[in-house]
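So the structure is just underneath, and the comments pick up after that.
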Amino acid sequence: MNRRISGWFAIIFTLLAVQAVLFAQPDAKPLVLQEMTWTDVRDYVAKNDMVILPLGSTEQHGPQLPLGTDFILATDISKLISARTGVVVAPVLLAGYSLYHSGFPGTLSLKSETIAEVLFETAQMLMKYGFRRFLIFNYHGGNSLAQQTVIHRINQETEATAVAIGVGGPLEGGEEEAFMDWHAGVGETSLVLYLEPQLVRMDRAEKPVMHFTPQMEKLAELAKKDPDVEAAWGSLFGVPAETQKGGSSRELSSNGIWSLGDPQTATREKGRKIVQETVDRVVKFIAAWDQAKVRR
Ligand SMILES: [Zn+2]
């Protein structure tokens, strides 16, 4: 290569480099383990040891939302956090513990011990490569026990550390509920409308007829005077039909939605607000955790 040509190459290269800097959006794209190469992971762990493990479910979400709602929400929100922080997301399981929803077709369920075991083995694999800080992002109430178990095991049995974010963790976000809106109701419909609108069948969204057993009614009445009684009420709610306590999803709700609200009032804007609050909160948490890290 003669000098003139190499000079041109230098100019073109410089222009390309300047363009790359000007148009690069280093935090616009999420880092998802399955989309990375092994060299990407090698380079990542050289500078960061954090990973987000999303945890959701494949279970009925009323006639209007997809079975994968919780998996999709956990993964989508984790990706938004990744895009803002550069932390890797590693989705492992599509299903969670959802036996109490199995009166509605399509629901999958894994035992809490199975989920915790799969996540723990996953964490052990990731530790081999240098991952040391685990954020278990759970978006399904039924997984709380599995989430706690895997966090306990990582913290007690390994040199890595783990924390809960999302449901069942200290970073549980969102507004205070105005009414019981626990499953596939106004909140979740709004979230899916915001993140994956093409998956919502709004024409099928209708208020469920909720049915509580006489014992639940009595406990709810007593809980108005003494909030401690709510614990007893909660223990009857969301349990498999086989327990014969009348607390399975199919027995409680006519269409699978658990809400006293009307899902027709769900909006993208409500969903955007919840997602924004959750993402902001976790981004802040990650920054603080990073700041506290003592480099060895
Ligand atoms: Zn859900």
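The values are calculated or read from the model by the stated rules, or taken from the named source; none is laboratory data. This structure is a prediction, so every number in the text was calculated from the model and none was measured. Positions of Cβ are backbone-derived with ideal geometry, glycine not excepted, and every protein chain shown enters the neighbour counts.
Quick one: what pairs do we get from segment 229-245, first residue touching a residue at least 24 places away in the same chain (Cβ under 8 Å), second part of a helix (DSSP H, G or I) and not β-branched (Val, Ile, Thr), C-beta under 7 Å, 6+ apart or different chains?
Gly238/Tyr100; Val239/Tyr100; Pro240/Leu99; Pro240/Tyr100; Ala241/Arg250; Ala241/Glu251; Lys245/Leu236
What number of residues within segment 52-111 are closer than 19 Å to Phe237 by Cα, within 13 Å of the ligand (Cβ to nearest atom) and of a type outside the set (Asp, Glu)?
11
Just the residues that are out of contact with any helix residue (DSSP H, G or I) (no Cβ under 9 Å at 6 or more places or on another chain), within 20 Å of Ala184 (Cβ to Cβ) and not in a loop (DSSP other than H, G, I, E, B), please, taken from segment 203-233.
Of everything in segment 203-233, those that are out of contact with any helix residue (DSSP H, G or I) (no Cβ under 9 Å at 6 or more places or on another chain), within 20 Å of Ala184 (Cβ to Cβ) and not in a loop (DSSP other than H, G, I, E, B) turn out to be Asp203, Arg204.
In this structure, does Lys207 turn out to be out of contact with any His (no Cβ under 7 Å at 6 or more places or on another chain) and over 24 Å from Gly103 (Cβ atoms)?
Spelling it out, it is not the case that Lys207 is out of contact with any His (no Cβ under 7 Å at 6 or more places or on another chain) and over 24 Å from Gly103 (Cβ atoms).
Among the numbered criteria (1) buried (at least 19 other Cβ atoms within 10 Å of the Cβ); (2) out of contact with any Ser or Thr (no Cβ under 8 Å at 6 or more places or on another chain), which single criterion is violated by Ala95?
Tallying (1) buried (at least 19 other Cβ atoms within 10 Å of the Cβ); (2) out of contact with any Ser or Thr (no Cβ under 8 Å at 6 or more places or on another chain), Ala95 fails exactly one: (2).
Output the qualifying pairs, or none if there are none: Cβ atoms under 8 angstrom, residues six or more apart or on different chains, first residue in segment 130-145 and over 17 Å from Leu110 (Cβ atoms), second residue modelled with pLDDT of 95 or more and within 16 Å of the ligand (Cβ to nearest atom).
Between residues of segment 130-145 that are over 17 Å from Leu110 (Cβ atoms) and residues that are modelled with pLDDT of 95 or more and within 16 Å of the ligand (Cβ to nearest atom), the close pairs are Phe137/Pro54; Phe137/Leu55; Phe137/Ala74; Phe137/Ile77; Phe137/Ser78.
Could you go through segment 97-111 and let me know if any residue there is within 29 Å of Gly246 (Cα to Cα), in a loop (DSSP other than H, G, I, E, B) and among the charged types (D, E, K, R). Spell out the reasoning first.
Let us first name the residues in segment 97-111 that are within 29 Å of Gly246 (Cα to Cα), namely 97-111.
Still in the running and in a loop (DSSP other than H, G, I, E, B): 97-98, 102-111.
Next cut, among the charged types (D, E, K, R) only: 111.
Yes, segment 97-111 contains at least one residue that is within 29 Å of Gly246 (Cα to Cα), in a loop (DSSP other than H, G, I, E, B) and among the charged types (D, E, K, R).
Which numbered condition trips up Asn143, out of (1) over 23 Å from the mean Cα position of the chain (by Cα); (2) within 16 Å of the ligand (Cβ to nearest atom); (3) not in a loop (DSSP other than H, G, I, E, B)?
Every condition holds for Asn143 apart from (1).
Test of understanding: among Ile115, Ile77, Ile81, which residue is crowded, with 24+ Cβ neighbours inside 10 Å, over 30 Å from Pro208 (Cβ atoms) and touching a helix residue (DSSP H, G or I) at 6+ places or on another chain (Cβ under 7 Å)?
Numbers: Ile115 fails: over 30 Å from Pro208 (Cβ atoms); Ile77 fails: over 30 Å from Pro208 (Cβ atoms).
One residue alone meets the criteria, Ile81.
If we scan segment 249-257, do we find a residue that is in a helix (DSSP H, G or I), of a type in the set (S, T, N, Q), surrounded by 16 or more Cβ atoms within 10 Å (Cβ to Cβ) and at negative phi?
Yes; the residues of segment 249-257 include at least one that is in a helix (DSSP H, G or I), of a type in the set (S, T, N, Q), surrounded by 16 or more Cβ atoms within 10 Å (Cβ to Cβ) and at negative phi.
Given the options Ile52, Ile81, name the one that is closer than 22 Å to Glu188 by Cα and either in a helix (DSSP H, G or I) or touching a Cys at 6+ places or on another chain (Cβ under 9 Å) (or both).
Ile81
When residues of segment 223-245 are filtered for being within 21 Å of Phe104 (Cα to Cα) and among the hydrophobic types (A, V, I, L, M, F, W, C), how many remain?
4
Quick one: which of Ala123, Ala116 is in a helix (DSSP H, G or I), more than 16 Å from the ligand (Cβ to nearest atom), closer than 18 Å to Thr75 by Cβ and at pLDDT 95 or above? Before you say what the answer is, go through the steps one by one.
Working: Ala116 fails: closer than 18 Å to Thr75 by Cβ.
The conditions single out Ala123.
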